[in-house]
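In what follows, a structure is listed as structure tokens, so that the remarks can point back to it.
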Amino acid sequence: MFARFRRSSRPRQQGDVRHHNIFEAAAAYVTACAEDDPDALDEAAGWVSPEALSFGVRELACRAVVALAREQDRSPREVAEELMGLPAS
């Protein structure tokens, strides 16, 4: 474990490749979309496969809706419909 920490904390050298996981990619992708940053959007989209990115974005959306629903003491359905501008069901 210490060796992994040492590798992750050492300065990057030219030629080092940073591997991103699907959740890092999803967070960066959604943030870039929210900030209307096409360069960051393209970069994040290249970190993982399209399928992995889709899964990560879906997981992020679910977690965000659940967190908002808990914070607002509402159902996830109500929060999701409001975020999407849908009429309440």
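The values are calculated or read from the model by the stated rules, or taken from the named source; none is laboratory data. Please read all numbers here as calculations on a predicted model, not as lab measurements. Using ideal geometry, Cβ is built from the backbone for each residue, glycine included, and neighbour counts are taken over all protein chains shown. Surface areas here come from the heavy atoms of the whole protein model, side chains and all, with no ligands, DNA or RNA. Shrake-Rupley method; radii C 1.70, N 1.55, O 1.52, S 1.80 Å.
Of note:
- Every residue from the range 72-85 that is within 16 Å of A61 (Cβ to Cβ) and either small (G, A, S) or open to solvent by 100 Å² or more (accessible area, probe 1.4 Å) (or both): S75, R77, A80, E82, L83, M84, G85
- Flag for A67 being of a type outside the set (S, T, N, Q), at pLDDT 95 or above and surrounded by 14 or more Cβ atoms within 10 Å (Cβ to Cβ): no
- Of all residues making up the range 37-60, the number that are in contact (Cβ under 8 Å) with a residue 24 or more places away in the chain and open to solvent by 50 Å² or more (accessible area, probe 1.4 Å): 4
- The set of residues in the range 32-87 being part of a loop (DSSP other than H, G, I, E, B) and within 23 Å of I22 (Cα to Cα) consists of E35, D36, D37, G46, W47, V48, S49.
- All told, F5 falls short of being open to solvent by 60 Å² or more (accessible area, probe 1.4 Å) and either assigned to a loop (DSSP other than H, G, I, E, B) or at pLDDT 95 or above (or both).
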